[in-house]
Amino acid sequence: MPPAPLPRSLYAETATPAIEAPPLYGEKQVPVAIIGGGFTGLSTALHLAERGIVATVIEANEPGWGASGRNGGQVNPGLKPDPDEVEHDHGAEMGGRMIAFSYGAPDLVFDLIRRHGIDCAASQTGTLRAGIRASNAQAAENLFAQCSRRGMPVRYLDAAACAEATGTTRYAGALLDPRGGHLNPLSYARGLARTAQRLGASIHGATPALSLTRHAARWRISTPKGSLIAERVVIGTNGYTDGLWPRLRQTVVPVFSTILATEPLPEEVQRQILPLRSAVYETGHITVYYRLDDAGRLLMGGRGPQNPADGPSMAPYLRDYAERLWPVLKGYGWTHGWNGQVAVTKDHYPHLHAPEPGLLMSLGYNGRGVAMATAMGSLLARHIAGEPLDSLPMPLSPIRPMPFHRFWKIGVTVAVAQRRLRDRFGL
Ligand SMILES: Cc1cc2nc3c(=O)[nH]c(=O)nc-3n(C[C@H](O)[C@H](O)[C@H](O)COP(=O)(O)OP(=O)(O)OC[C@H]3O[C@@H](n4cnc5c(N)ncnc54)[C@H](O)[C@@H]3O)c2cc1C
């Protein structure tokens, strides 16, 4: 299959230029091969390069083509399950490591950006987790208590403080975490790729891995015009996972998420919407997320069509919803719409697999991959450089396919319709 072009997203127009990433020709023997050129793969390559280990990344399309180049750009701290739940599920010791690691992930991202001078409109202006009804506000307050007990620099905002921070009275309470923020994700992906390349990594675009087989102590990856013989292999294909490794695809539900963007808004309107310029994600039955970018456009994300689609008319409910939150938006143009696939896991944790010697996989960030996929790349690099797997702050898990996986589209479509109604009518 020929490589697919980038989706017609806002980022395709505003991001820093793509790197040169020619296809792989011929056979190459390499110490580390990485399949997938998103944040997972590129961060692994960059962190390996910082340790003097040269990796070769192969990407079916172009670096940043997947979710990494299309997402909401929100750099969110933590895992989907709350800290108490993480400790309950994984025990105090491993749970504690996972909490410290995942809540520290945004700092890892912003430090990486600063250290390598990555030009990606990064702004560490906080993440707001905003609850739309009393029960969500209560959950935000509980999370605040759990995070405060662990010494994290978070704040709880009551309804009045939420209205000040977001310009709408929609929210009953929110958690503000100043470690979060936002960035232009395609510029970030390209910046990771450019930095990894500068430090010695090889990156090949238009190079899908067609098969992965073990030969004695090494792995052979065949591609349309060549092959890699590698001692270690990392798979970082997340919501775009194909049939390369048996049953891996069935471990995640590749839900489509949609983003619409407005034209740049006047300063005065921006101030009425998000004076703090934080990244916001709602907690209700459906997650809606939004932020202002560096040019003052509002980027509004949520559920939309469960097929590839683009254009500002692709998710009218997001636009209507934004205009309900801020009537001042009426009359401003919506210029872009696009979507991409997020990998959702059954237990809502990211999954790290090592099914055979020399083979690693990391996926399933449940919509939190800007920080977590970058951070997991740093872990994969630490392990490849010699740290034992059991000393890492994320546990290994077996590959467990979900039952009825092939019906995921029907399940997601029905669930979204029901939840949207419940959010609309405050049920
Ligand atoms: C619309 C949208 C909004 C989102 N918003 C946010 C947000 O605001 N904050 C947040 O934290 N997260 C968000 N996410 C999730 C986040 O983008 C992902 O978790 C993260 O980008 C995953 O990175 P990755 O490198 O693991 O996978 P991806 O970036 O999806 O990359 C996987 C790559 O693997 C390649 N590939 C697949 N199969 C093969 C093969 N056989 N050979 C070679 N290459 C292959 C694909 O072409 C693809 O480029 C969002 C996602 C979407 C789609």
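The values are calculated or read from the model by the stated rules, or taken from the named source; none is laboratory data. Not measured: the values here are computed from a predicted model. Cβ: placed from backbone, ideal geometry, glycine included. Neighbour counts: every protein chain shown. Heavy atoms of the whole protein, side chains included, go into the accessibility calculation; ligands, DNA and RNA do not. Shrake-Rupley method; radii C 1.70, N 1.55, O 1.52, S 1.80 Å.
Structure data summary
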| item | result |
| --- | --- |
| Relative contact order of the stretch 17-83, pairs being alpha-carbon contacts under 8 Å that are 6 or more residues apart, as % | 33 |
| Equivalent ellipsoid semi-axes, the stretch 226-292, via Cα gyration tensor eigenvalues times 5, rooted, Å | 40, 17, 11 |
| Compactness index (Cα Rg / 2.2 N^0.38 Å), the stretch 13-123 | 1.28 |
| Candidate aspartates and glutamates - alpha carbon under 15 Å from Lys80, same-chain residues fewer than 8 apart omitted | Asp89, Asp177, Glu282, Asp347 |
| Candidate aspartates and glutamates - alpha carbon under 12 Å from Lys225, same-chain residues fewer than 8 apart omitted | Glu27 |
| Gyration tensor verdict on the stretch 65-142 (Cα atoms; rounded if a/c is under 1.5, prolate if a/b is larger than b/c, oblate otherwise) | oblate |
| Ile19 accessible area, assembled protein chains, probe 1.4 Å, Å² | 30 |
| Carbon and sulfur %, accessible surface of the chain computed with the full protein complex present, 1.4 Å | 55 |
| Equivalent-ellipsoid semi-axes of the chain, from the Cα gyration tensor, Å, largest first | 34, 24, 20 |
| Accessible surface, per residue, of the stretch 293-385 when the full set of protein chains is kept, probe 1.4 Å, Å² | 32 |
| Helix axis angle, 369-384 relative to the chain longest principal axis, alpha carbon, degrees | 30 |
| Length released on extending from Glu27 to His348, taking residue separation times 0.36 nm less the Cα-Cα span | 111.7 nm |
| Computed E for Ser222/Met402 - FRET, C-beta separation, R0 25 angstrom, nearest 0.05 | 0.30 |
| Net lengthening on full extension, Leu210/Ala295 (0.36 nm per residue, minus Cα-Cα) | 26.6 nm |
| For the stretch 140-200, alpha-carbon Rg over 2.2 N^0.38 Å | 1.66 |
| Contact order normalised by residue count of the stretch 243-400, Cα under 8 Å, 6+ apart, percent | 26 |
| Degrees, to the nearest 10: 134-149 long Cα axis against longest axis of the chain | 60 |
| Local electrostatic count, Gln270, Cβ distance below 13 Å [Lys/Arg +1, Asp/Glu -1] | -1 |
| Cα-based helix-to-principal-axis angle, 92-103 vs the chain, degrees rounded to 10 | 70 |
| Scattering curve values for the stretch 314-376, log₁₀ I(q)/I(0), Debye with Cα scatterers, q = 0.25 Å⁻¹ | -1.01 |
| Area of His116 that stays accessible when all protein chains are in place (1.4 Å probe, Å², to 10) | 40 |
| Environment charge at Asn76 (Cβ cut-off 14 Å; Lys +1, Arg +1, Asp -1, Glu -1) | +1 |
| P(r) tail fraction, the stretch 55-199 - alpha-carbon pairs more than 26 Å apart, % | 37 |
| Residue-count net charge about Ala295 - beta-carbon cut-off 13 Å; Lys, Arg +1, Asp, Glu -1 | -2 |
| Cα centroid separation - the stretch 123-187 against the stretch 326-349, whole Å | 19 |
| Cα Rg, Dmax, the stretch 162-279, angstrom units | 21.7, 65 |
| Å² of accessible area per residue within the stretch 1-94, as computed with a 1.4 Å probe and no ligands counted | 40 |
| Neighbour count of at most 11 Cβ within 10 Å plus DSSP loop: longest chymotrypsin sites (Phe, Trp or Tyr not before Pro)-free window in the chain | 1-403 |
